[in-house]
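This report concerns only the one structure given below.
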Amino acid sequence: MAPSPGASLSRCLPRGAAGGPAPRRGTRLRSGFPSARRGGAGRDVTGAPREERPVSAARGAGARGAMAAGYQQRPNGGAPGALPDPSFLWSVFQRVDKDRSGIICDNELQQALSNGTWTPFNPATVRSILGMFDRENKGGVNFNEFTGVWKYITDWQNVFRTYDRDNSGMIDKNELKQALTGFGYRLSDQFYDILIRKFDRQGKGQVAFDDFIQCCVVLQRLTDVFRRYDTDQDGWIQVSYEQYLSMVFSIV
């Protein structure tokens, strides 16, 4: 039997998702990324859950709203789901918090998450999620922060299910293209091949729920970095070699 689409906190979360010549004047790069506009309720206007960041950082990324070549407006995906009863979430938190420290660390969260493929949840995805909600850099999330983790994962489940057209529990190249096009990205067919190769940890030519999240998060972060240099919002930037390296190092 094929695994159910999406993912879950297993038995806890809802069931499911150095050589060479130096450059001369800088590198001119073209964007196929979408607009910087944001939607409400923890989402951007793609309908995909946005990265949770402190307010000061969110303001830095800014909702510019300018529509120019290389940036395309994205459709609103609707309101995200509501949180369950706090007492239920507390019981889930206690089950996941194996060492009773009051903090859920990356190992505890990874063990509790299921990607629907009977393989460990992508550790890079787990670290990304915790990094979004761990406001004090304590290496995990407390209960209040965990409620945000729950909602974030649940919203991603809903997005994943929307684009998993065949209910296989995996996103193939065509479904990924539909999802990212729906989010407003304008990418070539060849680039989708690159994305599949990059994020297909199962080696099946498809991406599972946890890798789908990681793919979208990485694209979003790259978009944010690109946008800082695209000051006139025309979808083109010119950067020096060191600026380019700084852009890369801010992601890896």
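The values are calculated or read from the model by the stated rules, or taken from the named source; none is laboratory data. In this text the structure is predicted, and so the values were computed from the model without any measurement. Positions of Cβ are backbone-derived with ideal geometry, glycine not excepted, and every protein chain shown enters the neighbour counts. Accessible surface areas use protein heavy atoms only, side chains included; no ligands, DNA or RNA. Shrake-Rupley method; radii C 1.70, N 1.55, O 1.52, S 1.80 Å.
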Segment 133-252 - percent of accessible surface contributed by carbon and sulfur, probe 1.4 Å: 49
Accessible area of SER246 in the full protein assembly, 1.4 Å probe (Å², nearest 10): 70
Filtered GluC sites (Glu not before Pro), segment 135-184: DSSP coil and at most 16 other beta carbons within 10 Å: GLU136
Among GLN190, GLY139, VAL159 the positive-end extreme of the charge dipole of segment 119-252 (Cβ point charges): GLY139
Accessible area per residue, Å², segment 100-252 with all protein chains present, probe 1.4 Å: 46
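Quote the FRET efficiency, to the nearest 0.05, computed for ARG228 versus ASP85 with a Förster distance R0 of 45 Å and r equal to the Cβ-Cβ distance.
On the way: r = 41 Å, r/R0 = 0.90.
Efficiency, rounded to the nearest 0.05: 0.65.
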Lysines whose Cα lies under 20 Å from that of LYS204, excluding same-chain neighbours fewer than 8 positions away: LYS173, LYS177
